[in-house]
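Everything below concerns the one structure shown next.
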Amino acid sequence: MRSFGLNDVWYLLIATQWTIYLTVVAFLVGGALGLWLAVVRTGGSRFGNGLALVWIRSFQNTPLLVQLFLIYYGLGLFGFRLPPFVAAAVGLICYASAFLAEIWRGCILSVPRQQWEAADALALTPWQIRWYVILPQALRIAIPPTVGFLVKLIKNSSLASVVGMTELMRAATAINNATYQPFKVFLCAAIIYFLLCFPLTMLSRRFERQLDVSTRG
Amino acid sequence: MSALAVSGVSKRFGSLQVLRDINLSLEKGQMLALIGRSGSGKSTLLRCMNGLERIDAGHITIGGHALSYAPAALRRLRQDVGIVFQAYNLFPHLTVGRNIMLAPRLVLRWPSARAEARAREVLATVGLSEKFDAYPNQLSGGQQQRVAIARSLAMAPQVMLFDEVTSALDPELTGEVLITMENLARSGMTMVLVTHEMSFARSIAHIVAFMHDGRIHEIAPAKDLFARPRTEELRRFLSSTL
Ligand SMILES: Nc1ncnc2c1ncn2[C@@H]1O[C@H](COP(=O)(O)OP(=O)(O)OP(=O)(O)O)[C@@H](O)[C@H]1O
Ligand SMILES: [Mg+2]
C-alpha cells in the first residue's frame with residue numbers, strides 16, 4: 001500500500017487530457033450533427049422531422065450509461081469491438097447531438113417569424129435565409145444554454161470510464177485502488193472537474209449579461 | 001402597360017372569406033392607397049401581391065411578372081416587388097449597411113463594392129447616410145423604418161408595397177417616414193400602400209380603394225373618393241377617422 005502523492009496528481013492531470021479530448025470531439029462532432037438535426041427539425045419536411053425526432057427522443061430518454069454499454073459491449077457481441085476511446089466518443093457524440101439539437105431548435109424557433117418573412121420578401125432562398133438571417137440570431141440566444149450543456153458534457157464524460165477508457169475518472173479509480181485514500185483521490189478529481197467547468201459557467205454568465213445589454217431598446 | 005393588375009382574386013383563411021373577387025389595376029408611377037376598417041382585408045390583399053399569402057382564385061400581374069408560387073418564379077417576382085412592414089423587420093444582427101447590402105449581394109450576386117455603393121446611395125435617398133455602420137437598435141423607430149425602405153429600394157424594384165408603415169411610430173416620427181414616401185412617389189415609383197393616414201392618402205395617392213368586408217367597396221381618384229363618398233359605409237368610415 002502506497003499513499004497518494006504528487007505523482008498521482010500528475011497522473012490525474014495526464015488523464016484529464018483525455019477527458020478534454022473526449023469532450024471536445026463529442027461537442028464538435030455532436031454539435032455539427034445536432035445543428036443539422038435542428039435545421040431538419042425546423043425545416044418543412046415531415047419525413048425528415050420524424051426521423052430526426054426518433055433519433056433525438058431515443059438518446060434523450062435512455063441513460064447515457066446504458067447507451068455506452070450498448071455501444072461498447074453490445075456492438076462487441078456482433079464482432080464490432082470498438083477501442084474504448086472510439087466507443088466513448090460515439091456514445092457522447094450521439095448524446096450531445098440529441099440534446100444540442102433540441103436546445104438549438106428552441107433557439108431557431110425563438111427568432112421571430114417576421115425575420116423569415118422579411119428575408120423571404122427580399123427574394124433570398126430558404127438556405128440563404130437560414131444561414132444569413134436565422135442562424136446568426138439563433139446563435140446569440142444559444143450561447144448560454146450551449147455552454148451550460150458543455151459543462152454537463154464534461155461531467156458526464158466521466159461515464160466513459162465504464163467502457164475502459166482512461167480519462168480522469170478512471171485514473172482516479174485506479175489510484176484509489178492502489179492507495180485506498182478515496183477522500184483525497186476523489187477530492188482531487190473533483191477539484192480538477194471544477195477547474196474545467198467553473199470558468200465555462202462564468203463565461204456563460206458574461207455572455208448572458210452582454211446579450212441582455214445588446215438586445216435592450 | 002399597367003404595373004399592377006389584380007383580377008378576380010379571392011382568399012380565405014379556413015372558413016373565413018377574407019378577400020372576395022378583388023379587381024384592380026394601377027399604372028406605372030402611380031400610387032394606390034388601400035383604406036378601410038381593421039379586419040377588412042387590406043394587409044391580406046397587399047401580402048397576396050408579392051406571394052406572402054396564397055390566393056385561392058384569380059390572377060395577379062405585378063412589376064411585369066405573373067404571380068406564380070413556383071419558388072424560382074416567386075423569387076424573380078420579389079426582386080421586382082419590394083415590401084415594407086409595419087414592424088420594420090430589420091435584421092438586428094447586421095448593421096444598417098449590411099441589412100441593405102444583403103439582398104443585392106445574395107440575390108443579384110453583386111460584388112460587395114457595388115452593393116456598398118448602392119447601399120450608400122439609397123441611404124442618402126432616405127436621408128440617413130451617417131447611419132451606415134449603426135445597428136438597428138441604435139436608431140429611432142422612424143429611422144429604422146426609413147432604413148427598411150432603403151433596404152427594399154436597394155433592389156431597384158418596379159413596385160413597392162407598404163403595410164401601415166407609420167402605425168408603430170410616435171406621431172412626431174411619422175412625418176419623416178411620410179416625407180420619404182412622398183419623395184419616392186415623386187421620383188416615379190409605383191406604390192401600393194395600406195394606410196390609416198387619411199390626409200396623406202388624400203394628398204399624395206392617385207387612386208384610393210376603400211375595402212369593406214373583403215371587397216373593394218369603392219375605388220376612385222383620391223380627391224373624388226374623399227370629397228364625394230358614394231356609399232354609406234365609406235361615409236361612416238371617413239367620419240370615424242376624423
Ligand atoms: N394568417 C391568418 N390566419 C387566419 N386569419 C387571418 C390571418 N391573417 C389575417 N386573418 C384574418 O383575415 C381578416 C383580414 O385581415 P387583414 O390583416 O387583411 O385586415 P386589415 O384590413 O389589414 O386590418 P388592420 O387594419 O387591423 O391591419 C381578419 O379577420 C383577420 O383576422
Ligand atoms: Mg393590416
So what is the orientation-averaged projected area of region B:149-205, using the convex hull of its C-alpha atoms, in nm²?
-> 3.8 nm²
Rounded, prolate or oblate (a/c below 1.5 giving rounded, otherwise prolate when a/b exceeds b/c) for chain A by Cα gyration tensor | oblate
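Am I reading the A/B interface right? What is its buried accessible area, both sides, 1.4 Å probe, to the nearest 100 Å²?
Chain pair A/B: roughly 1900 Å² of buried accessible area.
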Take the alpha carbon atoms of region B:216-242, find their center, do the same for region A:48-72, and report the distance between the two centers in whole angstrom.
-> 64 Å
For labels at A:MET202 and B:ILE219 in the simple 7 Å Cα→Cβ model, what's the distance in nm?
-> 6.7 nm
Which chymotrypsin sites (Phe, Trp or Tyr not before Pro) does region A:114-217 hold that lie in a coil by DSSP with at most 14 other beta carbons within 10 Å?
-> A:TYR180
Considering the zone a paramagnetic label at B:ALA66 would reach in this model (a point 7 Å from Cα along the Cα-to-Cβ line), which residues of region B:1-27 have amide N under 16 Å from it?
-> B:2, B:4-9
Residue-ordered couplings for region A:138-153, obtained by feeding phi - 60° into the Karplus form 6.51 cos²θ - 1.76 cosθ + 1.60 and rounding to whole Hz (Gly and Pro as x), are 5, 4, 5, 6, 7, 4, x, x, 5, 5, x, 5, 4, 4, 4, 5
Of A:ALA15, A:SER45, A:ALA121, which is farthest on the positive side of the dipole of the protein assembly as shown, counting Cα position, with +1 on Lys and Arg Cβ, -1 on Asp and Glu Cβ, and the Cα centre as origin?
-> A:ALA15
In whole angstrom, largest first, the equivalent ellipsoid semi-axes that the Cα gyration tensor gives for chain B are 30, 21, 15
Within region B:109-181, list the trypsin sites (Lys or Arg not before Pro) lying in a DSSP loop whose Cβ has at most 16 other Cβ atoms in a 10 Å radius.
-> B:ARG109
Taking only the alpha-carbon atoms of the protein assembly as shown, the convex hull volume per residue, in cubic angstrom, is 189 Å³
Electrostatic dipole magnitude of the protein assembly as shown [Cβ: Lys, Arg +1; Asp, Glu -1; Cα centre; debye, to 20] | 720 debye
Among the trypsin sites (Lys or Arg not before Pro) in region A:1-99, which ones are in a DSSP loop with at most 13 other Cβ atoms within 10 Å of the Cβ? Mind listing them?
-> A:ARG2, A:ARG81
Chain B, helix-only ellipticity at 222 nm - DSSP H runs n ≥ 4, -39,500 (n - 2.57), divided by all residues, nearest 500 = -11500 deg cm²/dmol
Where B:LYS11, B:LYS223 fall by accessible area, highest first, once all protein chains stay in place (1.4 Å) = B:LYS223, B:LYS11
Run the quick spin-label model on A:ARG113 and B:LYS28: label points 7 Å from Cα toward the beta carbon, then report their separation in nm to one decimal.
-> 3.7 nm
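Hey, can you find the accessible area per residue of the protein assembly as shown for me, probe 1.4 Å, expressed in square angstrom?
I get 48 Å² per residue for this part.
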Counting Lys and Arg as +1 and Asp and Glu as -1, what is the net charge of the other residues whose Cβ lies under 13 Å from the Cβ of B:ALA5?
-> 0
Check cross-link reach from B:LYS223 to the lysines: straight Cα distance under 25 Å, and skip same-chain residues fewer than eight apart.
-> B:LYS28, B:LYS42
With every protein chain present, what accessible area does A:LEU35 have (1.4 Å probe, heavy atoms only), rounded to the nearest 10 Å²?
-> 60 Å²
For the Cα atoms of chain A, what angle does the longest principal axis make with the long axis of helix A:84-109, in degrees from 0 to 90, nearest 10?
-> 30 degrees
Report, in degrees rounded to the nearest 10, the 0 to 90 angle that the Cα long axis of helix A:6-42 makes with the longest principal axis of chain A.
-> 20 degrees
Alpha-carbon Rg/Rh ratio, for region A:74-121, with Rh computed the Kirkwood way | 1.37
In the full protein assembly as shown, how much of B:HIS65 is accessible to a 1.4 Å probe, in Å² to the nearest 10?
-> 40 Å²
About the Cα centre of chain B, how large is the charge dipole given +1 on each Lys and Arg Cβ and -1 on each Asp and Glu Cβ? Please answer in debye to the nearest 20.
-> 580 debye
Quick one: length gained pulling B:HIS206 to B:ALA57 fully straight, 0.36 nm per residue minus the C-alpha distance?
-> 50.9 nm
Among A:TRP36, B:GLY29, A:ILE108 - extreme Cα towards positive end, dipole of the protein assembly as shown, charges at beta-carbon | A:TRP36
Counting DSSP beta bridges with both partners in the protein assembly as shown, what percentage is antiparallel, nearest 5?
-> 55 percent
Helix B:141-153: angle to the longest alpha-carbon principal axis of chain B, degrees 0 to 90, nearest 10?
-> 90 degrees
Taking r as the C-beta separation of B:ARG37 and B:SER112 and R0 as 41 Å, the FRET efficiency to the nearest 0.05 is 0.35
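The values are calculated or read from the model by the stated rules, or taken from the named source; none is laboratory data. Remember, it's a predicted structure, so these values are computed and weren't measured experimentally. So basically every Cβ, Gly included, is an ideal-geometry build from the backbone, and we count neighbours across all protein chains shown. Calculation scope for accessible area: heavy atoms of the full protein, side chains included, ligands and nucleic acids excluded. Shrake-Rupley method; radii C 1.70, N 1.55, O 1.52, S 1.80 Å.
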